[in-house]
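One structure below.
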Amino acid sequence: MPDLTIANTVTDLIQGDVQEHFAFSRIPLQGDVLGLGTTSSLDNGELTFLPSLDGQRTTIWKCEAFNGGLRAVRDGDGSSNFPYVCFTRDASSLQRPVDLSALTCSKDAPLQALVADAIRVGRQSGALEEAAIYGARALTTWDELVITVASKLCMGQQRRNRQWASSESGDGLASTSIYDLLQHYRLAPEDPGNPGDPVRFLGRSLQWDCCGFFDCEPELGRVTVPQAGAFLHIHGCSTDLRHGGHLHHEHPSSHLRRLERLVLYPLTSIRLLSSDLCVRGVEVDGQTLRFSVCNEGELDVSDIGVVVVVDDRYSDHRFLRVPWLDAGGEERFTMPLGLEAGEHDLVVIVDHSQQVIEPESTRANNRVHRRITV
């Protein structure tokens, strides 16, 4: 098993990829499993992976968008299929505790700077292996902290739309950061009492248990926002288990008081999961068309369109929709054709509008052409 498995990427998510999902039941949670993710648009929230007290098992906590609260995710509870999630195997053997007294940057430096310094010092001393991505667990105490919780998926869909049309919400919305589109909450010793503040005061829980990833190449958008300088993507829960979400550690109001504990995990092998829809078994028996739509990828896929076109008449095409297809699943269809006698061109296409993000190398099997005689 690879050190890190990524089901979709952050880039996929912010482009509006909410039709591919990874099931909670397929994540092995025995041992020290690091991860983070986002739940579906039907039940928005963030995911934080925290170990049990005995370290034998990991619990995934869902941070609620509507109130910043927490609940443990359970299989079948309505939020157990994730459009974006990344997770490790049991990473107990990769734990590299950091000696915080050896860090060279200021103790009141931002969290990302402290983690970067810990990686640099660890590499130089030989205590930490070279890796493309580092997992991180941290115990932190804050003077003030702003968190965000996903309250609108397809965050990048507006950027796609701007190529073609304007929106009443304004073209400038989220022009600098996707986090502008999310629900914001403030943790602080006192409620600022400013009714015009868009950041809602949540409470006074200022000690947070965190889990996340530091990507040395953030522009790739694997586990962080795909932009230069966005190395650290980290989620967390307050230690009183009242609140949780994405730590907006780079927000101007966030100020770290103390980094109390930091453990790094060098993740040297990475596996990116992908979808692979295809059309199989196309056959015509008289006036009856039979074919299968298969999901040969590693992600469950929802809301799949299937088009059948005869003799290039796209204005007269037949359209089917598959609401859900598990990874490895197959849906068999039978369709009457009602064609005149003679030769005809027949094309069956799955995901004709390319709403599902697939590698280009696997798209060829989305379309099957047949020359038939009735």
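Contact annotation: no residue pair with Cβ atoms under 6 Å, 6 or more positions apart or on different chains, pairs a residue in the range 208-230 that is within 27 Å of residue 61 (Cα to Cα) and in a helix (DSSP H, G or I) with a partner that is hydroxyl-bearing (Ser, Thr, Tyr) and open to solvent by 50 Å² or more (accessible area, probe 1.4 Å). Checking 116, 127 one by one, the residue that is of a type in the set (A, V, I, L, M) and open to solvent by less than 50 Å² (accessible area, probe 1.4 Å) is 116 and no other. Cβ-Cβ distances below 9 Å connect the following pairs, each with a first residue in the range 108-121 that is free of Cβ contacts under 8 Å to residues at least 40 places away in the same chain and closer than 19 Å to residue 246 by Cα, a second residue that is open to solvent by 30 Å² or more (accessible area, probe 1.4 Å) and of a type outside the set (Gly, Ala, Ser), and a separation of six or more residues or different chains: 113/105. Within the range 200-233, the set of residues being among the acidic types (Asp, Glu) and either buried (at least 19 other Cβ atoms within 10 Å of the Cβ) or touching a strand residue (DSSP E or B) at 6+ places or on another chain (Cβ under 6 Å) (or both) comprises 209, 215. Hey, among the residues in the range 171-199 that are within 22 Å of residue 141 (Cα to Cα) and loosely packed, with under 15 Cβ neighbours inside 10 Å, which one's modelled with the lowest pLDDT? Once the filter is applied, the top-ranked residue is 192.
Within the range 55-83, restricting attention to residues that are under 17 Å from residue 34 (Cβ atoms) and part of a loop (DSSP other than H, G, I, E, B), the residue that is most open to solvent (accessible area, probe 1.4 Å) is 56. Is it the case, given these coordinates, that residue 98 is modelled with pLDDT under 95, open to solvent by less than 40 Å² (accessible area, probe 1.4 Å) and not polar (S, T, N, Q)? In short, no.
Considered as a group, the residues in the range 266-298 that are farther than 30 Å from residue 137 by Cα and charged (D, E, K, R) include one that is modelled with the lowest pLDDT, and that residue is 285. Filtering the range 234-257 to residues that are among the hydrophobic types (A, V, I, L, M, F, W, C), closer than 19 Å to residue 47 by Cα and open to solvent by less than 20 Å² (accessible area, probe 1.4 Å) leaves 234, 237, 247.
Scan the range 34-43 for residues that are open to solvent by 30 Å² or more (accessible area, probe 1.4 Å) and either assigned to a strand (DSSP E or B) or not hydroxyl-bearing (Ser, Thr, Tyr) (or both) and the total you get is 2.
With respect to being surrounded by fewer than 18 Cβ atoms within 10 Å (Cβ to Cβ), small (Gly, Ala, Ser) and either at positive phi or at pLDDT 95 or above (or both), residue 106 falls outside the description. One residue is enough: does the range 348-357 have a residue meeting the conditions part of a strand (DSSP E or B), in contact (Cβ under 8 Å) with a residue 12 or more places away in the chain and open to solvent by 60 Å² or more (accessible area, probe 1.4 Å)? So far as the range 348-357 goes, no, none of its residues is part of a strand (DSSP E or B), in contact (Cβ under 8 Å) with a residue 12 or more places away in the chain and open to solvent by 60 Å² or more (accessible area, probe 1.4 Å). Only one entry of 16, 31 meets the criterion of being over 22 Å from residue 242 (Cα atoms), open to solvent by less than 40 Å² (accessible area, probe 1.4 Å) and either free of Cβ contacts under 8 Å to residues at least 60 places away in the same chain or in contact with a Cys (Cβ under 7 Å, 6 or more places away or on another chain) (or both), and that entry is 16. Scanning the range 309-331 for residues that are surrounded by 17 or more Cβ atoms within 10 Å (Cβ to Cβ) and more than 30 Å from residue 42 (Cα to Cα) yields a count of 2. Among the residues of the range 77-91, is any over 19 Å from residue 235 (Cα atoms) and out of contact with any Phe, Trp or Tyr (no Cβ under 8 Å at 6 or more places or on another chain)? Yes: one or more hits. Among the residues of the range 285-308, those that are assigned to a strand (DSSP E or B), open to solvent by 50 Å² or more (accessible area, probe 1.4 Å) and in contact (Cβ under 8 Å) with a residue 12 or more places away in the chain comprise 290, 303.
The values are calculated or read from the model by the stated rules, or taken from the named source; none is laboratory data. Computed from a predicted structure; not experimentally measured. All Cβ positions, glycine included, derive from the backbone under ideal geometry; neighbour counts span all protein chains shown. We work out accessible area using only protein heavy atoms, side chains counted, and drop any ligands, DNA or RNA first. Shrake-Rupley method; radii C 1.70, N 1.55, O 1.52, S 1.80 Å.
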